[in-house]
Amino acid sequence: MKIYTKTGDKGTTLLIGGTRVPKHHIKIEAYGTMDELNAFVGLLRDKIDVKYQDELIQIQNDLFTIGSFLALDASKKELANGKKRLDIKEIDEQNVVWLEEKMDEMDATLPPMTNFILPGGDERVSVCHICRTICRKTERKMTYLNEVESVAEILLKYINRLSDYFFILARKLSMELGVKETPWLAK
């Protein structure tokens, strides 16, 4: 399989299902931003302690799944024989519950927050915050897409929780690394 196909040279790309759309189409923006997030999650996985790597691999797999459903042509979700065009396990409530459980485990060990916290203090913590902000950007793209074409509510819910996960992971890493959290001081 060649990586380059030359079919996108004129600024269009194919959705799953065969419909060609401009590369700036909101669907492409949504799953492209998801891909950007996934790449930064990979960077985070490379930088942090091994104990979080399985969680991050699960998240990366979930992001690929969500991206696949975002890349699906809404008008062609089924093949001519009635089978689903994507025969992969969908994201469901259990994926969201898993994220919530991971956050609750980490949060139980953290001191209460009394201020907004400025990102930074250690490169690994900063990468968590980059993942958090790209996740929020992905969420904005997905909610915009949802105004044009229905996006499954569970996908929006998962992405919303995921940004919270990265925030709590940043706090947890700060604590484990002995990094002082810098509060935002409004003047």
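The values are calculated or read from the model by the stated rules, or taken from the named source; none is laboratory data. From a predicted model like this one, the values you see are computed outputs, not experimental measurements. Quick reminder, even Gly has a Cβ in these numbers, built from the backbone with ideal geometry, and neighbours come from all protein chains shown.
For THR109, the stated conditions hold: it is in contact with a helix residue (DSSP H, G or I) (Cβ under 8 Å, 6 or more places away or on another chain), part of a loop (DSSP other than H, G, I, E, B) and more than 25 Å from ILE16 (Cβ to Cβ).
Could you say whether any residue in region 3-13 is buried (at least 17 other Cβ atoms within 10 Å of the Cβ), of a type in the set (Phe, Trp, Tyr) and out of contact with any Asp or Glu (no Cβ under 9 Å at 6 or more places or on another chain)? The answer is no, given that none of the residues of region 3-13 is buried (at least 17 other Cβ atoms within 10 Å of the Cβ), of a type in the set (Phe, Trp, Tyr) and out of contact with any Asp or Glu (no Cβ under 9 Å at 6 or more places or on another chain).
Of all the listed residues (ILE3, ILE28), the sole one being without any contact (Cβ under 8 Å) to a residue 12 or more places away in the chain and of a type in the set (A, V, I, L, M) is ILE3. Scanning region 138-153 for residues that are crowded, with 16+ Cβ neighbours inside 10 Å and not in a loop (DSSP other than H, G, I, E, B) yields THR138, GLU139, LYS141, MET142, LEU145, ASN146. Given the condition loosely packed, with under 13 Cβ neighbours inside 10 Å, assigned to a loop (DSSP other than H, G, I, E, B) and in contact (Cβ under 8 Å) with a residue 24 or more places away in the chain, answer yes or no: does some residue in region 119-126 qualify? No, because not a single residue in region 119-126 is loosely packed, with under 13 Cβ neighbours inside 10 Å, assigned to a loop (DSSP other than H, G, I, E, B) and in contact (Cβ under 8 Å) with a residue 24 or more places away in the chain. If you check ILE117 against the conditions, is it modelled with pLDDT under 90 and either aliphatic (A, V, I, L, M) or in contact with a strand residue (DSSP E or B) (Cβ under 6 Å, 6 or more places away or on another chain) (or both)? Considered against the rule, which asks whether it is modelled with pLDDT under 90 and either aliphatic (A, V, I, L, M) or in contact with a strand residue (DSSP E or B) (Cβ under 6 Å, 6 or more places away or on another chain) (or both), ILE117 comes out as no.
State whether one or more residues within region 123-135 are among the polar types (S, T, N, Q) and at pLDDT 95 or above. Lay out the reasoning, then the answer.
Restricting attention to region 123-135, the residues satisfying the condition of being among the polar types (S, T, N, Q) are 126, 133.
Narrowing the set further to residues that are at pLDDT 95 or above leaves 126, 133.
Taking every residue of region 123-135 in turn, at least one turns out to be among the polar types (S, T, N, Q) and at pLDDT 95 or above.
In summary, SER75 fulfils each of the numbered conditions (1) of a type outside the set (A, V, I, L, M); (2) exposed (fewer than 12 other Cβ atoms within 10 Å of the Cβ); (3) in a helix (DSSP H, G or I); (4) at pLDDT 85 or above with the single exception of condition (4). Tell me, yes or no, whether region 151-158 has at least one residue that is aromatic (Phe, Trp, Tyr) and under 18 Å from GLU55 (Cα atoms). Yes - at least one qualifying residue is present in region 151-158.
When restricted to residues that are outside any helix (DSSP H, G or I) and either at pLDDT 90 or above or farther than 30 Å from CYS128 by Cα (or both), region 8-44 contains 17.
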